[in-house]
Amino acid sequence: MGSVAVSRLAVAEDLPAASIVDQVAAIARRELAPQAAAIDEGAVYPDALLRRLGHVGAWGSHQPANGMADLRCAIQSIAAVGEVCGATAFMAWCQNTLVWYASNSNNPELVAKFAGKFASGEILGGTGLSNPMKSFFGIEKLKLRGRRVEGGYIVRGALPWVSNLGPDHFFGTIFEREDEGGGIVMFLADCSDPAITLQPCKPFLAMDGTGTYAVQFRDVFVPDELILAEPAGPFVKKIRAGFILLQAGMALGLIKDCIQIMDEVDAPLSHINRYLPQQPIQFRELHAEFEKETMALARDPYNSDDSYWRRVVALRLRLGDASVAAAHAAMLHCGARGYLKSHRAQRRLREAYFVAIVTPATKQLRKMLAGDEH
Ligand SMILES: Cc1cc2nc3c(=O)[nH]c(=O)nc-3n(C[C@H](O)[C@H](O)[C@H](O)COP(=O)(O)OP(=O)(O)OC[C@H]3O[C@@H](n4cnc5c(N)ncnc54)[C@H](O)[C@@H]3O)c2cc1C
C-alpha cells in the first residue's frame with residue numbers, strides 16, 4: 001500500500017476512533033464512576049449506561065468492512081471503562097463480542113436484523129462461549145445439544161454462567177448436533193423465548209452487577225434466522241483472536257488504575273513503599289509494552305498464521321498474570337488505606353482475579369501454549 005493510501009487510512013480511521021474513545025472515557029469518569037461501587041455490590045446492572053455507550057459508538061467500531069476489521073478503538077474503549085470499573089469493562093467485552101459474532105456471520109438475514117441493533121446498543125447481550133472454547137481444547141464436553149427440525153433446530157441443555165443478560169437480551173453460543181455426529185452449530189439465543197430460563201447465580205467475589213445468570217434451554221426452537229454459523233468450526237477459527245484480544249481492554253484499564261492507586265499513595269508513603277519489590281514504574285513499562293503488542297495484533301484479527309495465534313494467546317496469559325500482580329502491588333502500596341471496604345484497591349484485586357479466570361483462563365492458556373490443542 002502506498003503512503004498516500006496509508007495516510008488517508010490514518011485520517012479516516014484514527015480521528016473518529018480517537019473521538020469515540022474520548023467520549024467513552026468522559027462517560028466513564030462522569031457517569032460510571034459514581035455507580036462503580038453499587039455495580040460491584042450487585043445492586044445495579046447498568047443497562048442505561050451500556051446503551052448510552054452504544055450511542056457514542058463504543059460497540060460499533062470493530063465491525064468488519066470490505067473483509068477487514070480493526071479492534072483498536074473497541075479495545076481502547078473497553079480500557080477506558082476498565083480504568084473505572086472492571087465489571088462494566090467485562091460487560092463492554094460481552095457486548096462487543098456479541099457484535100463481533102453477528103457482524104461476522106454469513107447469514108444475511110441475521111446480519112440485517114441484528115448487527116446494527118447490537119452495535120448501537122439498542123439490543124444488549126453477550127456470549128456463552130466459555131464451555132465451547134473449553135471443549136475445543138479438550139477441557140470439558142459441550143453442554144448444549146440440538147437436532148434439526150423444519151425451519152431450524154430444537155436445543156436443550158444448560159450453561160452455568162452467561163453475563164450481560166436480561167429478559168430481552170441475546171447471546172451467541174454453540175450446540176452439538178445429536179442427529180449428526182461431530183456437527184456443531186453457533187446461534188443467537190433469545191432470552192425472551194419462554195423456553196429459555198435465566199436463573200440468578202450465587203453471589204460472586206466480584207462482577208455481581210454484570211447480569212450473570214445460569215441459562216437453561218428446555219427444547220428451545222432456534223429458527224434459521226438465528227443461526228450464526230453452520231458448521232461452527234471455521235467461524236470460531238475466524239472470530240477467536242478477536243474474542244481474546246477484546247479482553248485485553250479489561251486488563252489494560254485495570255492495570256492503569258492500579259498504577260494510579262500506587263501513585264496516589266506515593267506522597268505520604270514513598271519513604272517506606274520504596275522497599276516494596278514492585279514499583280509503579282515497572283507496571284508503567286509493562287503497560288506500555290502490552291498496549292503496543294495489543295494494538296499491533298488488533299489491526300489484523302483475521303490473521304490465520306499459527307505464529308499470530310500464539311502471540312495472541314501469550315499476550316492474553318501475560319495480561320491475566322499482570323492484572324493480578326498490579327492489583328496485588330496496589331494493595332501492598334496502600335496498606336491499611338486499601339484494606340478499607342470503601343477503597344477501590346480491594347475491588348481492583350477482586351476484579352483482577354476475574355481477568356485471570358474468565359475463559360480462556362490462565363490454566364487453559366497454559367495448556368494451549370503447551371501445544372495440547374485439538
Ligand atoms: C462472574 C462470572 C461471569 C461469567 N460470565 C460468563 C459469560 O458471560 N459467558 C461464558 O461463556 N462464561 C462465563 N463465565 C465462565 C467463565 O468464563 C469461566 O468458564 C469460568 O470462570 C470457569 O473457567 P475455568 O476454565 O476456570 O473452569 P473450571 O472452573 O476449572 O471448570 C469449570 C467447570 O467446573 C464445574 N463447576 C465449577 N464451579 C462450579 C460450581 N460452583 N457448581 C457446579 N459446577 C461447577 C462446571 O462443570 C464448569 O463447567 C463466567 C464466570 C463468572 C465467575
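The values are calculated or read from the model by the stated rules, or taken from the named source; none is laboratory data. Nothing here was measured: the structure is a model prediction, and the numbers come from that model. So basically every Cβ, Gly included, is an ideal-geometry build from the backbone, and we count neighbours across all protein chains shown.
Among the numbered conditions (1) of a type in the set (S, T, N, Q); (2) surrounded by 13 or more Cβ atoms within 10 Å (Cβ to Cβ); (3) away from the ligand (no atom under 16 Å from the Cβ); (4) within 21 Å of residue 129 (Cα to Cα), tell me where residue 304 comes up short.
With respect to (1) of a type in the set (S, T, N, Q); (2) surrounded by 13 or more Cβ atoms within 10 Å (Cβ to Cβ); (3) away from the ligand (no atom under 16 Å from the Cβ); (4) within 21 Å of residue 129 (Cα to Cα), residue 304 is out only on (2).
Just to check your reading of the model, which residue among 267, 214, 251 is within 15 Å of the ligand (Cβ to nearest atom) and surrounded by fewer than 21 Cβ atoms within 10 Å (Cβ to Cβ)?
214
Considering only region 344-374, state which residues are within 11 Å of residue 327 (Cβ to Cβ), within 12 Å of the ligand (Cβ to nearest atom) and in contact (Cβ under 8 Å) with a residue 60 or more places away in the chain.
If the condition is that a residue be within 11 Å of residue 327 (Cβ to Cβ), within 12 Å of the ligand (Cβ to nearest atom) and in contact (Cβ under 8 Å) with a residue 60 or more places away in the chain, then 350, 351, 353, 354, 355 are the ones that fit.
Among the residues of region 196-250, what is the count of those that are outside the structural domain of residue 176 (by TED's automatic domain parsing) and at pLDDT below 95?
0
Give 208, 179 a once-over and let me know the one that is part of a loop (DSSP other than H, G, I, E, B), touching a strand residue (DSSP E or B) at 6+ places or on another chain (Cβ under 9 Å) and more than 18 Å from residue 125 (Cβ to Cβ).
On inspection, the qualifying residue turns out to be 179.
Just one of the numbered conditions (1) within 15 Å of the ligand (Cβ to nearest atom); (2) under 30 Å from residue 140 (Cα atoms); (3) surrounded by 15 or more Cβ atoms within 10 Å (Cβ to Cβ) is not true of residue 297; which one?
All conditions pass for residue 297, except number (1).
One line per residue, one yes/no per condition, for (1) outside the structural domain of residue 349 (by TED's automatic domain parsing); (2) within 12 Å of the ligand (Cβ to nearest atom); (3) closer than 14 Å to residue 229 by Cα; (4) modelled with pLDDT of 95 or more:
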position: 87; (1), (2), (3), (4): yes, yes, no, yes
position: 96; (1), (2), (3), (4): yes, no, no, yes
position: 100; (1), (2), (3), (4): yes, no, yes, yes
position: 103; (1), (2), (3), (4): yes, no, yes, yes
position: 107; (1), (2), (3), (4): yes, no, yes, yes
position: 112; (1), (2), (3), (4): yes, no, no, yes
position: 120; (1), (2), (3), (4): yes, no, no, yes
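In region 254-264, how many are out of contact with any Asp or Glu (no Cβ under 7 Å at 6 or more places or on another chain), buried (at least 23 other Cβ atoms within 10 Å of the Cβ) and not β-branched (Val, Ile, Thr)?
2
Filter region 102-125 for residues that are touching a helix residue (DSSP H, G or I) at 6+ places or on another chain (Cβ under 6 Å) and free of Cβ contacts under 8 Å to residues at least 60 places away in the same chain; which is nearest to residue 20 (Cα to Cα)?
Looking at residues that are touching a helix residue (DSSP H, G or I) at 6+ places or on another chain (Cβ under 6 Å) and free of Cβ contacts under 8 Å to residues at least 60 places away in the same chain, I get 118.
Here is a check on your reading of the model: is residue 312 in contact (Cβ under 8 Å) with a residue 12 or more places away in the chain, outside the structural domain of residue 29 (by TED's automatic domain parsing) and either within 16 Å of the ligand (Cβ to nearest atom) or touching a Ser or Thr at 6+ places or on another chain (Cβ under 7 Å) (or both)?
When the stated conditions are applied, residue 312 does not pass them.
Can you pull out the residues in region 265-307 that are touching a residue at least 40 places away in the same chain (Cβ under 8 Å), under 26 Å from residue 371 (Cβ atoms) and part of a loop (DSSP other than H, G, I, E, B)?
Once the filter is applied, which keeps residues that are touching a residue at least 40 places away in the same chain (Cβ under 8 Å), under 26 Å from residue 371 (Cβ atoms) and part of a loop (DSSP other than H, G, I, E, B), region 265-307 yields 301, 302, 303, 304.
Let me spell it out: the conditions are (1) away from the ligand (no atom under 15 Å from the Cβ); (2) under 19 Å from the mean Cα position of the chain (by Cα); (3) β-branched (Val, Ile, Thr), and residue 162 meets all of them except one. Which number is the exception?
For residue 162, the exception is condition (1).
Given the structure, is residue 78 in contact with a helix residue (DSSP H, G or I) (Cβ under 6 Å, 6 or more places away or on another chain), touching a residue at least 12 places away in the same chain (Cβ under 8 Å), closer than 24 Å to residue 363 by Cβ and away from the ligand (no atom under 11 Å from the Cβ)?
So residue 78 fits the description; yes.
Within region 140-151, identify whether any single residue is within 22 Å of residue 63 (Cβ to Cβ), within 12 Å of the ligand (Cβ to nearest atom) and crowded, with 17+ Cβ neighbours inside 10 Å, and answer yes or no.
Checked against the condition, which is being within 22 Å of residue 63 (Cβ to Cβ), within 12 Å of the ligand (Cβ to nearest atom) and crowded, with 17+ Cβ neighbours inside 10 Å, region 140-151 yields no hits at all.
May I ask you to list pairs of residues, at least six apart or on different chains, whose Cβ atoms are under 6 Å apart, with the first in region 153-169 being outside any loop (DSSP other than H, G, I, E, B) and modelled with pLDDT of 95 or more and the second being of a type in the set (A, V, I, L, M) and more than 7 Å from the ligand (Cβ to nearest atom)?
Note: pairs meeting the criteria are 153/222; 155/144; 155/220; 155/222; 157/144; 159/215; 160/214; 162/215.
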